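Chemist: Take this structure, written in structure tokens, and hold onto it; I'll ask about it next.
The values are calculated or read from the model by the stated rules, or taken from the named source; none is laboratory data. Since the structure is predicted, the reported quantities are computational estimates derived from the model, not experimental observations. Here the Cβ positions follow ideal geometry from the backbone for every residue, glycine too, while neighbour counts run over all protein chains shown.
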Amino acid sequence: MESFHMTRKEMASLLVALDGRSSQTPLQVLQEAWKKAHRNYPESGQALPALVSTELPPILERMIRGSETKGFSLQEIADLGKLIEYSHLSITAIQNWVKRDFKAYFDSPKMGRKYSLNQAALIFIIDDLKSNLDFISIQKLLKIVFLDESNEKDDLISPMDLYVSYSTMFEELDANNDQLMDTAGHVKESRNQDALTENAIRIVAERHAAKLPHMSNKQKEALRSILFIATISIQTSYFHSLARRYLNAVLFLET
């Protein structure tokens, strides 16, 4: 059966829609994501067979039926994480983060026995950041960005808004949707072009960070950095996934 996949921006849009902060319903977000990945099907008359043969987790089936969803179990978060392209999120990893590595952010579920939409977004953020950072570094960044120095119980930015920001950044930087961030200004005679990529990401990160007021200079700098790192982490996830696919193919075909 075919699998349903979503970009990070589409997953962020789904969380925002579930939170009631979008002009779209969750079903409309899912419909757009599916149509984007199957643009030729409506014209060829294959839309219905393709959708019927698509494997959907129970949490997605409930959304399609219109059931109200304001929180998730850890298993449901893992199921959603598996829909994100180039992500390999597992229930075991999530349980370790919630109970040990990032326990301070998951001291208790926020929606009865369910974890909130923001807690789900935070798990997706941690999964992205771990592509490039160790857990201690991630903990330090999250503390600076999410906790107000004057009141450690107030979020300076919600995990959902952070997830929306850097997932939107990546799609801006990958305008042609080839899974590689676009970089303009290459000089044929120049050997090193790394500064071009760094500058392009930094400019977009600064623009997104500037939209969020009431932050100290230290916090804004941390936000710019986490946006920068998270955007690169999406790119890293693609290369990690590609490497794993080739490794699996070699091992599978080994005689």
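Chemist: Just the residues that are surrounded by 12 or more Cβ atoms within 10 Å (Cβ to Cβ) and modelled with pLDDT under 70, please, taken from region 24-41.
Modeler: Tyr41
Chemist: Consider only pairs whose beta carbons are under 9 Å apart and that are at least six residues apart or on different chains; among these, list those whose first residue lies in region 74-100 and is on the phi > 0 side of the Ramachandran plot and whose second residue is surrounded by fewer than 14 Cβ atoms within 10 Å (Cβ to Cβ).
Modeler: Tyr86/Phe239; Tyr86/Leu242
Chemist: Another question about this same structure. Taking region 55-71 as the search range and keeping residues that are exposed (fewer than 15 other Cβ atoms within 10 Å of the Cβ) and closer than 14 Å to Phe4 by Cα, which one is modelled with the lowest pLDDT?
Modeler: The residue in question is Glu55.
Chemist: Ok, one more. Please pick out the residue among Ser233, Ser237 that is crowded, with 17+ Cβ neighbours inside 10 Å and closer than 17 Å to Leu141 by Cα.
Modeler: Residue meeting the stated conditions: Ser233.
Chemist: If you don't mind, another one. Are there any pairs, at least 6 apart or on different chains, whose C-beta atoms fall under 6 Å, with the first in region 226-251 and hydroxyl-bearing (Ser, Thr, Tyr) and the second surrounded by 10 or more Cβ atoms within 10 Å (Cβ to Cβ) and part of a helix (DSSP H, G or I), and if so, which?
Modeler: Listed by first residue and then by second, the contacts come to Thr231/Tyr166; Thr231/Met169; Thr231/Phe170; Thr231/Ile201; Ser233/Asp128; Ser233/Leu129.
Chemist: Just need a number here: residues in region 107-141 that are aromatic (Phe, Trp, Tyr) and buried (at least 21 other Cβ atoms within 10 Å of the Cβ).
Modeler: 2
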